[in-house]
Amino acid sequence: MSNNVLHIYGAGLAGCEAAWQAAQRGVSVKLYEMKPHKYTPAHHSQGFAELVCSNSLRSDRVTNAVGLLKEELYRLDSLIMEAAYATRVPAGSALAVDRDLFSEYITRKIREHKNIEVIEKEVDRVEDGVVTVIATGPLTSQPMADYIQNTLGCTGLHFFDAAAPIVDASTLNMDIVYAASRYDKGDADYLNCPMNRDQYDAFYNELISAKEAELKEFDKESQKDLKVFEGCMPVEVMAKRGYDTLRYGPLKPVGLVDKRTGEESYAVVQLRRENAEGTMYNLVGFQTHLTFPEQKRVFSMIPGLENAEFLRYGVMHRNTYLNSPGLLGANYAMLSNPDIFFAGQMTGVEGYIESAGSGFVAGVNAARRILGQEQVIFPSTMMLGAMAKYISDGNMSGNFVPMNANFGIIEPLSRKIKGGKVAKYEVVAQRSLDTLPAYGEMIGAQNYKKSTVVQSDSEE
């Protein structure tokens, strides 16, 4: 490369992880952070890797998808995981941290690293000929967002995330759910959850009285522009317009006949395939403001979803992210400009650890780009690789939406596992952990850890 210095924009979890991974491989890093001169509406402290919402990093079990991701990152020498375990607080089976100590730990490690120079400055463009990781987050400043969209050609940049819940196909009750297209036109691409009148009445009454999530001020400001709601009105708002509004809208039963009964239902919730493998389905027309617990409670009333595992809950909030499939590769670099990498929630991953994971992969590969080494693509049998495949897969069905780590995106097992979901996920997790040592050696993880800090359910 003509320039052997890596530029990283943004000192959140993704940016700090990327900087650390590159610096640990001997690459000189310039880490740009606009704080303390300028803050996003969600950030308030001067420290790096600020946790703006919960202090929980979620499950600490490898039979949980984010728990497996934590274990992969921990073993591969992640700074974010090192900080998390150094500053953890009691939280049962979850990993929670003292958010101030967590940020202080990461800030100190980054500032003290001999290969990292921190530059407190807002940037609005990428320097020509410089390998760069853009990790400016879901509240990217407007000048940088404009540059990404207009100059880098990342058309389709989203400024508002309005997405319906996504469920694990393997947890649907197929004794109730049936496949059909309306009027039998084309292939039976939709799964259908039929409701009789009593079931619809119960669902409707709970939906219109369910608790909505509290909006942050910047979300309220974003929603003043009604254009963001074209075609994506919250399902509970639609329901409050009248008892039959949903039955003439997303729950319209017309043309959907359950061939097992030969009848149309009173209402039908349709599920649309979310990925090519058919392991994930979204609830059509179910964008929502409801809290996550209320979504689980109310949407589980839909026939066929009573035991459904929600891989992602519906959201409607400000969130700058790329339409990544076809734009980014599984190394998080632009397909059209391999010197430019993206990391964090901008790429379509969602969650603290997921952001760190994307920063890990981007940082490792950006360093390898500078060092003239081959790019590393993690396999989709690992959660790191499954996330990278999800954001880069141009064969995704439907609209691309941000996603947490979940077992719906990881490569399915080639055989059935007896013993239920936990037993199955233990096999999935072990498959990943068996793969890790080879990739740890491949990427030169300086402190590869063989021991585990994350438990499986069978270890309790």
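Per-residue answers, yes or no, for (1) open to solvent by less than 30 Å² (accessible area, probe 1.4 Å); (2) part of a helix (DSSP H, G or I); (3) modelled with pLDDT of 75 or more; (4) out of contact with any strand residue (DSSP E or B) (no Cβ under 7 Å at 6 or more places or on another chain):
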site	(1), (2), (3), (4)
Phe159	no, no, no, no
Leu191	yes, no, yes, no
Pro194	yes, no, yes, no
Glu214	no, no, no, yes
Asp219	yes, yes, no, no
Gly231	no, no, no, yes
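Please determine whether any residue of segment 299-319 is open to solvent by less than 10 Å² (accessible area, probe 1.4 Å), in a loop (DSSP other than H, G, I, E, B), in contact with a helix residue (DSSP H, G or I) (Cβ under 6 Å, 6 or more places away or on another chain) and within 21 Å of Tyr147 (Cβ to Cβ). No, that holds for no residue. Only one of the listed residues (Ala388, Ala405, Ala330) is within 18 Å of Cys154 (Cβ to Cβ), of a type outside the set (Lys, Arg), open to solvent by less than 30 Å² (accessible area, probe 1.4 Å) and in a loop (DSSP other than H, G, I, E, B). That residue is Ala330. Restricted to segment 410-428, and to residues there that are within 26 Å of Val349 (Cα to Cα) and in contact with a helix residue (DSSP H, G or I) (Cβ under 6 Å, 6 or more places away or on another chain), the residue that is least open to solvent (accessible area, probe 1.4 Å) is Ile410. When Val97, Val29, Val66 are checked against the criterion of being among the hydrophobic types (A, V, I, L, M, F, W, C) and either modelled with pLDDT under 90 or surrounded by fewer than 22 Cβ atoms within 10 Å (Cβ to Cβ) (or both), a single residue qualifies: Val97. The numbered conditions (1) open to solvent by 50 Å² or more (accessible area, probe 1.4 Å); (2) at pLDDT below 95 are all true for Ser397 except (1).
Pairing residues of segment 9-28 that are in contact (Cβ under 8 Å) with a residue 60 or more places away in the chain with residues that are charged (D, E, K, R), at Cβ distances under 7 Å and at least 6 apart in sequence or on separate chains, gives Gly10/Glu33; Ala11/Glu33. One residue stands out among those in segment 363-385 that are part of a helix (DSSP H, G or I) and either on the phi > 0 side of the Ramachandran plot or of a type in the set (Val, Ile, Thr) (or both): the one that is most open to solvent (accessible area, probe 1.4 Å), which is Ile370.
Would a scan of segment 81-93 turn up a residue that is surrounded by 23 or more Cβ atoms within 10 Å (Cβ to Cβ), in contact with a strand residue (DSSP E or B) (Cβ under 8 Å, 6 or more places away or on another chain) and modelled with pLDDT of 90 or more? Yes - at least one qualifying residue is present in segment 81-93. Taking segment 238-273 as the range and being outside any loop (DSSP other than H, G, I, E, B), touching a helix residue (DSSP H, G or I) at 6+ places or on another chain (Cβ under 9 Å) and open to solvent by 30 Å² or more (accessible area, probe 1.4 Å) as the test, the residues that pass are Met238, Arg247, Val257, Arg273.
Conditions tested, residue by residue: (1) touching a Gly at 6+ places or on another chain (Cβ under 8 Å); (2) in contact (Cβ under 8 Å) with a residue 40 or more places away in the chain.
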site: Gln142; (1), (2): no, no
site: Ala145; (1), (2): no, yes
site: Gly153; (1), (2): no, yes
site: His158; (1), (2): no, yes
site: Ala164; (1), (2): yes, yes
site: Asp168; (1), (2): yes, yes
site: Asn173; (1), (2): yes, yes
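The residue pairs whose first member lies in segment 373-390 and is closer than 17 Å to Val66 by Cβ and free of Cβ contacts under 8 Å to residues at least 60 places away in the same chain, whose second member is of a type in the set (D, E, K, R) and in a loop (DSSP other than H, G, I, E, B), and whose beta carbons are closer than 8 Å, counting only pairs six or more residues apart or on different chains, are Ser380/Glu411; Thr381/Glu411; Ala386/Glu411. On the basis of being at pLDDT 95 or above and either in a helix (DSSP H, G or I) or open to solvent by 20 Å² or more (accessible area, probe 1.4 Å) (or both), does Arg125 make the cut? Considered against the rule, which asks whether it is at pLDDT 95 or above and either in a helix (DSSP H, G or I) or open to solvent by 20 Å² or more (accessible area, probe 1.4 Å) (or both), Arg125 comes out as no.
Before we move on, is Ile208 surrounded by 21 or more Cβ atoms within 10 Å (Cβ to Cβ) and on the phi < 0 side of the Ramachandran plot? Judged against the criteria, Ile208 is not a match.
The values are calculated or read from the model by the stated rules, or taken from the named source; none is laboratory data. No experiment lies behind these values; they were computed from the predicted model shown. Here Cβ is always computed from backbone atoms with ideal geometry, including for glycine, and neighbour counts include all displayed protein chains. Keep in mind that these areas ignore ligands, DNA and RNA; they rest on the heavy atoms of the full protein, side chains included. Shrake-Rupley method; radii C 1.70, N 1.55, O 1.52, S 1.80 Å.
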